[in-house]
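Just below is one structure, and these are the notes that go with it.
The values are calculated or read from the model by the stated rules, or taken from the named source; none is laboratory data. Here the structure is a predicted model, which is why all the values come from computation and not from measurement. For neighbour counting, all protein chains shown are included, and Cβ atoms are generated from backbone atoms with ideal geometry for every residue, glycine included.
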Amino acid sequence: MDPLTANSLFNTVSAVVLSATIIISCAWVITSIVTSMKQRANTRTRADVYNKLIDKFGTSAELIAFLQSDAGLRFIEEQSVEISQPLSKILGSVRLGVSLALTGLGMLVVANTWDMTLGNDMYIVLALGGTVALTAGAGFIIAAAVSYRLCRMWGLIPGAKLGKSDAN
């Protein structure tokens, strides 16, 4: 491959990767902001409903009687906060970590297989990108393992609590 073609290929790949990274990052930021705003509005609404309900009852005995009734139980169930599912979040982290690690490993294999045939710039991009993706993937996998262990220790995973033999 002549240097002009390799340089053109390098510039094209760089532009595509950079554009995709910017678009994905912006989408992630917007999604995070919208989700946060929805959760904040939901929490405010829930707090207002509870405050109005408490104000409506004259005594605490009336409130307790309402909460122990069928209507009160239904009200509490409707207003309950969605329980976080730590296993699904941990599994998502493992999935992302494995995908990044395999992508990084593939990039390193391609970089070392074609060595300098693609040109020095392409080799550097593939080797550097592969190293970054591989280490990021390993970081996600390690973070998932630590999260799983902490969730077990804190009893957030049903039926899985660390015993004294597991903690050492």
ask   = From the list LEU102, LEU128, LEU96, LEU91, which one is surrounded by fewer than 15 Cβ atoms within 10 Å (Cβ to Cβ), under 17 Å from the mean Cα position of the chain (by Cα) and at pLDDT 75 or above?
value = LEU91
Filter pass, GLY72 being closer than 30 Å to SER14 by Cα and of a type outside the set (Lys, Arg) = no
query = Which of the residues spanning segment 118-150 are of a type in the set (A, V, I, L, M, F, W, C) and farther than 30 Å from SER8 by Cβ?
reply = ALA138, PHE140, ILE141, ILE142, ALA143, ALA144, ALA145, VAL146, LEU150
